[in-house]
Amino acid sequence: MYCSFGNALRLTGDSASYKEILSTGAASLATRFHEATKTIRSWDGGKNWDGQPWTYPVIIDNMMNLEFLTEVSKMTGDQRYRDIAVQHANTTMVNHYRKDYSSYHVVDYNPQDGSIISRKTAQGAFDEFAWARGQSWGLYGYTMMYRETGDRRYLKHARHIAQFYLNHPNLPKDLIPYWDMDQNKLTPDRKYYSQKDLRDVSTASVTASALLELAQYTTGGESHLYISKAEQMLRSLSSKPYKADYKEAGGYILKHSVGSIPHKTEVDVPLTYADYYYVEALVRYDRLLRGEKVK
């Protein structure tokens with residue numbers, strides 16, 4: 001909602017056309033929040049890979065919804081939306097992350113008392129592996145939450161995620177990650193081995209955009225590192241084999257994204273959000289070069 005209607009409002013200033021849509025969307029999203037878990041529920045129904053029904057699944061992707069809530073809170077003056085975003089971010093920071101600051105994909109909660117039933121990685125290779133795009137969702141989300149709240153815990157967390165990502169021993173030299181950052185642990189007898197070397201450009205697009213913003217909130221060599229790594233990612237994305245030739249990919253800019261190999265959907269194809277965050281990263285980089293704020 002915010003990527004489309006939020007940007008439409010920002011670019012046109014036409015609150016008559018977009019404010020009600022955004023307000024309605026935020027109100028709907030807020031109904032997914034549960035006080036016992038202090039998180040926004042991701043979906044209803046379905047079963048996990050063990051064949052057990054999901055109870056109250058929350059995915060790391062939900063961090064990308066929080067900007068929507070904080071912006072609508074400012075737009076409407078309704079503090080409730082901001083409070084939900086903060087509570088969700090705080091809970092996710094504790095429950096989704098391992099000691100090395102890699103993230104699980106899904107945490108399933110008990111909605112009665114907020115206890116954790118299980119931690120899963122539905123779109124990665126295995127539960128204890130680091131699904132690549134999940135790491136970028138978290139990096140982007142906590143960088144954004146620092147911008148929106150000024151809470152330095154979010155900045156610290158984003159920096160830790162960046163360090164995990166950039167220092168990962170299995171990150172390719174061109175900085176376009178494999179769809180699962182631990183794919184090197186897959187042996188020929190394990191699932192997904194034949195697809196283990198597929199890259200995910202959507203992860204790199206989201207990460208590059210997040211790093212350019214994170215560089216604004218850090219100093220010295222650390223800030224320079226984030227900028228230089230984002231530059232390298234953008235150079236890679238803007239070159240073969242990732243950038244499509246004119247009319248080659250049905251209007252998409254980038255090729256070679258991975259939606260979900262375990263679900264057999266969107267495997268090694270262009271993806272809308274890869275293009276979106278690639279363009280956003282380019283816009284942010286241009287602003288940086290012109291001495292403007294990235295956001």
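Things worth noting here:
- Just the protein heavy atoms count here, and of the accessible area of the range 244-295 at 1.4 Å, carbon and sulfur take up 55 percent.
- Debye intensity ratio in log₁₀ form over the Cα atoms of the range 189-295, taken at each q of 0.12 Å⁻¹: -0.46
- Size of electric dipole in the chain: Cβ of Lys, Arg +1 and of Asp, Glu -1, about Cα centre, debye, nearest 20: 480
- Here the accessible area is traced with a 1.4 Å probe on the protein chains. For the range 1-157, carbon and sulfur cover 50 percent of it.
- The residues of the range 71-225 expose on average 39 square angstrom of accessible surface per residue, using a 1.4 Å probe on protein heavy atoms.
- When the chain is described by a simple charge dipole with +1 on each Lys and Arg Cβ and -1 on each Asp and Glu Cβ, the residue from Y104, T207, S260 located farthest towards its positive end is T207.
- Based on every Cα atom in the range 1-150, Rg and the maximum pairwise Cα distance Dmax equal 15.9, 48 Å.
- Inter-centroid distance (Cα atoms) of the range 59-86 relative to the range 134-180, Å: 20
- Ranked by the mean number of other Cβ atoms within 10 Å of their residues, highest first, the peptides 82-90, 184-192, 207-215, 125-133 fall in the order 207-215, 125-133, 82-90, 184-192.
- Rg and Dmax of the chain, both derived from C-alpha coordinates alone, stand at 18.7, 58 Å.
- Contact order relative to length of the range 29-114, as percent, for alpha carbon pairs under 8 angstrom and 6 or more apart: 36
- Once you reduce the range 187-210 and the range 224-295 to the center of their Cα atoms, the two points are 15 Å from each other.
The values are calculated or read from the model by the stated rules, or taken from the named source; none is laboratory data. Quantities reported herein were computed from a predicted structural model and do not represent experimental measurements. All Cβ positions, glycine included, derive from the backbone under ideal geometry; neighbour counts span all protein chains shown. Surface accessibility is based on the protein's heavy atoms, side chains included, excluding ligands, DNA and RNA. Shrake-Rupley method; radii C 1.70, N 1.55, O 1.52, S 1.80 Å.
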